[in-house]
Each structure stands twice: as C-alpha cells, then as structure tokens.
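The values are calculated or read from the model by the stated rules, or taken from the named source; none is laboratory data. From a predicted model like this one, the values you see are computed outputs, not experimental measurements. All Cβ positions, even for glycine, are placed from backbone atoms using ideal geometry, and neighbour counts span all protein chains on display.
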Amino acid sequence: MNILLAEYTISHNPDLAPEGRAMLKVLTDSFNRIGYQVCSPNPGSDFGEEIKRLSKICGDGLVIAPDDKLAIFTKMLEDNTRNMGCNSLSIAMCANKRRTADILKAHGIDVPMEISGGTRVIKRISGSGALNMRITDEEPSDDEFGQEFIEGEHLSVSLIGSRVVGETCLYYTGNEPLLLAVNKQNIIFGPDGTVSYIGGETPADHPKKDILYKIAVKALKILGCQGYIGVDMIVSDDRIVVVDVNPRPTTSITGIAACMKEEIGKLILDASYGKAPDMVHLTGHAKYFTNGKVQYDRD
C-alpha cells in the first residue's frame, strides 16, 4: 500500500526546508508504522511532474507546500489520486489572506482590521506564516496589505476535519472536526519591526480552550477545509482574533505527534474517510522549533 507525501520546501525553499523536512519525517514515520510505503518526490526533480508520476502508483496522497503554491500542486494530486488533505478550492481561498479575513468577518468571526495608514502589521496577501511580516508605517507593496497590530497571546488550534467535499456521498458524516491541541506560538518582534515565528509549545492548557475550539471549527466550516488544519489566533483581554487559517500540516504537528498516543498518519487517513475518533490522548509537553528540533518532556 503506497501513500504519496509531497513536501515542497525541502528542495525548493531553503528558508523553510527545516520545518518541511521535520513535518515530512513525522508523517513518513507514522505511515510506515501503520503499514504503508511512503513515496515522495525525488530531490531536485520537477515537483509537479513528480506528483503526477507518483500519484498514479499511490492510493492516497498529501501535499505540504507554502500557501501560494499549495493549491496548484494539490489540484495535480486530486487529478491523479485521492487527496487526504484539504481540497484545492478551499486551499486557494485560504491562500489569499485578505479575502479570507473578509469572509470570516462577514460570518461574525473577529479578524484584524485592515488599515491603510500609520503603524500597522504589513503582510503578504498570499504568504506563509510570519515570513516577510513586519510592523511599520511604510507603504505595503502591491502584493501586501496592512492590518491593525493586536497585543495578546499568540496561539494556534490544530484540528483534523473529516470529509467535507470529494466523494461526499461515500464518506461525509457531519462529525465535528477532531481537536488535536491548542498550541502556544513563540513570536519574536525585532527592534526593526520584523516579526519572526520560531516555533511553539504544545499542548497549551488555556482557560478559553473550549471557545478557541469553537471559533476554529466555525472558521474551518466557513472555508470548507478538511484534513490537518492550523488556525492562528491572538487572545487579548476582550478579543479572540483569527489571524490566519492554514489548510495543511503546520510545524505544530511535530510537537503534537511527540505527545500523542495515536498515530498522526492514521488520524489524517481515517478522517479523509469520515472515520476520525472523537478525541486524542496527549501526555507530557513538547517544544518545537522551526529548525526541525523537538524537545519532549514526559512530565
């Protein structure tokens, strides 16, 4: 039984490659343990052509790539085999950070307000995480936009959504998304205004955990996401603000897998068939880093 895991950054983006390599290893090891042979693109080869080639010999597949490239490669996978992750249409929607914020706001979810002057957070309209994000009063470029800066805790909610679209009649159950963990995000604000994401900690025992989960589920459903999803939030005294929806495995998967009794590969695969469990079991605490390292504390 073959599974295709196609991770883009290892061969095509040196800045993000350590995170990509760590995520791929976690998933590969997990699928191997449950009896699957993992096929991945050959390093240095044309990524799209490798997806087309390998997907023909794999029964299921998953693409991990930066947001601005994820939809097109996922569509290639969908055209040739069965996708275990988020569908390409929802991925394309989530990749546009401005459009995503508008949609979530229209459905009653608090998002950062877009502002056009003064000191604000400048981010790419289609980008990955905090890459190239900065706090400044300069004008954004054509592919950027500005949002209000919000003081608060930086958290993410990691979920696995069961089948929403694709083979709906066979696998749609209507079950609520599976909560994996709430994670603390470690963000560094540089003196020059740069914003850097360096990893996180999981699980985070937060007093508003239930509310965070409900908001993340609502965002997931509004955008039609499925598979492994990360919803980034800022929690202040009077607000819970959704700042990003990542329709793919995120770095949190490395820490969560270290703490979790269940196999992450089996959860993702089962969810794609509408068979995700109601809960997972986490023990201990993990710190995970963008260099790919994980520190696990059993206590």
Of the residues in segment 271-290, how many are in contact with a Gly (Cβ under 8 Å, 6 or more places away or on another chain) and either closer than 30 Å to residue 188 by Cβ or without any contact (Cβ under 8 Å) to a residue 12 or more places away in the chain (or both)? 5
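Out of segment 79-97, which residues are part of a loop (DSSP other than H, G, I, E, B) and out of contact with any strand residue (DSSP E or B) (no Cβ under 7 Å at 6 or more places or on another chain)?
79, 80, 87, 96
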Return yes when residue 194 is of a type in the set (S, T, N, Q) and surrounded by 13 or more Cβ atoms within 10 Å (Cβ to Cβ) and no when it is not. yes
Pairs with Cβ under 7 Å, 6+ apart, first in segment 226-252 and more than 16 Å from residue 186 (Cα to Cα) and touching a residue at least 12 places away in the same chain (Cβ under 8 Å), second part of a strand (DSSP E or B) and among the small types (Gly, Ala, Ser): 226/161; 227/161; 229/161; 246/230
Just wondering, is there one or more residues in segment 64-78 that are touching a strand residue (DSSP E or B) at 6+ places or on another chain (Cβ under 7 Å) and small (Gly, Ala, Ser)? no
Identify, please: which residue in segment 204-220 is in contact (Cβ under 8 Å) with a residue 40 or more places away in the chain and not small (Gly, Ala, Ser) and is, among those, surrounded by the most Cβ atoms within 10 Å (Cβ to Cβ)? 220
Taking segment 253-274 as the region of interest, how many residues are in contact with a Phe, Trp or Tyr (Cβ under 6 Å, 6 or more places away or on another chain), of a type outside the set (Ser, Thr, Tyr) and surrounded by fewer than 23 Cβ atoms within 10 Å (Cβ to Cβ)? 2
Looking at (1) more than 14 Å from the chain's Cα centre (by Cα); (2) closer than 15 Å to residue 232 by Cα; (3) surrounded by 15 or more Cβ atoms within 10 Å (Cβ to Cβ); (4) not β-branched (Val, Ile, Thr), which one does residue 156 not meet, given that it meets all the others? (1)
Quick check on segment 116-137. Is at least one of its residues in a loop (DSSP other than H, G, I, E, B) and among the charged types (D, E, K, R)? yes
When you check residue 131 against the structure, is it crowded, with 21+ Cβ neighbours inside 10 Å and not polar (S, T, N, Q), yes or no? no
So which residues in segment 45-103 are modelled with pLDDT under 95 and acidic (Asp, Glu)? 67, 68
Looking only at segment 66-81, and only at residues there that are crowded, with 17+ Cβ neighbours inside 10 Å and touching a residue at least 40 places away in the same chain (Cβ under 8 Å), the one that is farthest from residue 249 (Cα to Cα): 81
Among strands (runs of 3 or more DSSP E) completely within segment 1-65, the ones holding 2 or more residues that are touching a residue at least 12 places away in the same chain (Cβ under 8 Å) and either crowded, with 22+ Cβ neighbours inside 10 Å or small (Gly, Ala, Ser) (or both) are 2-7, 60-64
